[in-house]
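Comments concern the structure below.
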Amino acid sequence: MDLLSQIVARAKSNKQRIVLPEAMEERTLRAADKALGDDIADIILLGNVEEIKKLATEWGLQNIDKATIIDPLTSEKAEEYAEKLAELRKSKGMTIEQARELVKNPLYYGCMIIKTEGADGQISGALSTTGDTLRPALQIIKCAPGITCVSGGLLLISKQKQYGEDGVLVVADVAVTPMPDANQLAQIAVCTAQMAKAVAGFEDPRVAMLSFSTKGSAKHEVCDKVIEATKLAKEMAPDLKIDGELQADAALVPSVGAKKAPGSDIAGKANVLVFPNLEVGNIGYKMVQRLGDAIAIGPVLQGIARPVNDLSRGCSVDDIYYMIAITSCQAMDAKK
């Protein structure tokens with residue numbers, strides 16, 4: 001069974017409640033129909049109820065009647081959510097009038113459903129920007145305990161089965177934080193290892209903190225940041241298997257790891273790679289994807305107390321379908 005099939009199977013085994021706030025967008029509604037047909041999640045669609053039903057009929061969708069459909073503009077819970085939101089944001093000066101306007105926005109309304117434990121995760125981005133997806137999540141759901149830094153993890157599936165976990169690597173940050181400091185980089189490492197367990201199914205995440213230096217082979221302040229981040233990550237998660245700083249070949253290739261970092265438990269065996277900054281991560285994964293013919297799945301947002309994921313506006317129906325399954329796996333993990 002391939003990785004995506006495994007993720008779908010895990011989602012099916014413990015169905016979660018996933019909000020789709022862009023429910024009148026065609027790819028989103030088609031993905032919801034497929035997810036409902038395959039019984040991988042309980043779907044909450046946000047939008048005009050009659051319009052969603054009309055579109056489902058027009059597009060020949062057979063399963064939309066299994067979803068819970070809510071119109072934020074007419075919802076009985078709108079006032080309750082507005083009062084809760086105003087209380088949450090009181091210290092930032094939010095008034096009840098402002099909160100009432102915000103909960104009309106499906107992205108805010110969906111996060112309020114999660115905040116009040118009526119749902120387990122949310123996915124948007126087919127129509128919305130990353131900023132629009134993240135803003136309500138950070139204002140309402142907030143970061144996970146001990147985490148202040150949101151990041152984007154990615155599943156890289158290579159045909160080179162000798163690397164990572166049978167060719168699968170989990171890498172970060174590729175999407176959110178441009179120049180993480182040592183503390184943020186440590187948080188990214190811990191969150192990415194957690195995502196590797198929850199989504200990729202790794203029983204034994206082995207984290208390599210990447211740099212252009214291996215164990216002091218070069219001296220520079222950017223290497224020092226990676227060394228400090230490794231130390232902080234070990235303090236945050238004492239059981240985490242992690243080492244750094246390591247060059248990419250030392251992290252992935254056993255013979256190189258043995259030469260450059262003798263005695264390391266991670267060198268040559270890493271299945272989780274943490275990039276020193278977003279620029280390196282984003283460029284690196286796209287080069288592997290294009291030149292190495294690897295499959296890239298994500299980014300998957302990490303560090304939020306309950307999963308809220310962002311899609312590319314160029315996403316496909318299958319992208320959204322698999323993100324529903326991924327978000328479900330994250331939601332299961334968040335409840336542990």
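The values are calculated or read from the model by the stated rules, or taken from the named source; none is laboratory data. Worth saying up front: this structure is predicted, and the values here are computed from it rather than measured. Don't worry about glycine lacking a Cβ; one is built from the backbone with ideal geometry, like all the others, and counts go over all protein chains shown. The protein model used for the area step is the full one, side chains on, heavy atoms only, and it has no ligands, DNA or RNA in it. Shrake-Rupley method; radii C 1.70, N 1.55, O 1.52, S 1.80 Å.
Numbers below:
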quantity: Matching residues in segment 249-268 - criterion: being within 21 Å of residue 153 (Cα to Cα) and surrounded by fewer than 18 Cβ atoms within 10 Å (Cβ to Cβ); calculated: 249
quantity: Exclusive hit being surrounded by 18 or more Cβ atoms within 10 Å (Cβ to Cβ) and not polar (S, T, N, Q), set 125, 118; calculated: 125
quantity: The one condition in (1) in a strand (DSSP E or B); (2) in contact with a Pro (Cβ under 9 Å, 6 or more places away or on another chain); (3) among the aliphatic types (A, V, I, L, M); (4) under 24 Å from residue 221 (Cα atoms) that residue 273 fails to fulfil; calculated: (2)
quantity: Residue among 136, 238 that alone is surrounded by 24 or more Cβ atoms within 10 Å (Cβ to Cβ) and farther than 19 Å from residue 281 by Cβ; calculated: 136
quantity: Answer residue from segment 281-320, given it is basic (Lys, Arg) and either touching a Pro at 6+ places or on another chain (Cβ under 7 Å) or over 18 Å from residue 110 (Cα atoms) (or both) and is least open to solvent (accessible area, probe 1.4 Å) among those; calculated: 286
quantity: Test set (1) crowded, with 24+ Cβ neighbours inside 10 Å; (2) assigned to a loop (DSSP other than H, G, I, E, B); (3) under 24 Å from the mean Cα position of the chain (by Cα) - residue 214 fails condition number; calculated: (3)
quantity: Residue 130 being over 29 Å from residue 177 (Cβ atoms), touching a residue at least 12 places away in the same chain (Cβ under 8 Å) and hydroxyl-bearing (Ser, Thr, Tyr); calculated: no
quantity: Test: residue in segment 16-24 that is within 18 Å of residue 68 (Cα to Cα), under 18 Å from the mean Cα position of the chain (by Cα), in contact (Cβ under 8 Å) with a residue 60 or more places away in the chain and surrounded by fewer than 22 Cβ atoms within 10 Å (Cβ to Cβ); calculated: yes
quantity: Any chance residue 146 is open to solvent by 40 Å² or more (accessible area, probe 1.4 Å) and within 16 Å of residue 302 (Cβ to Cβ); calculated: yes
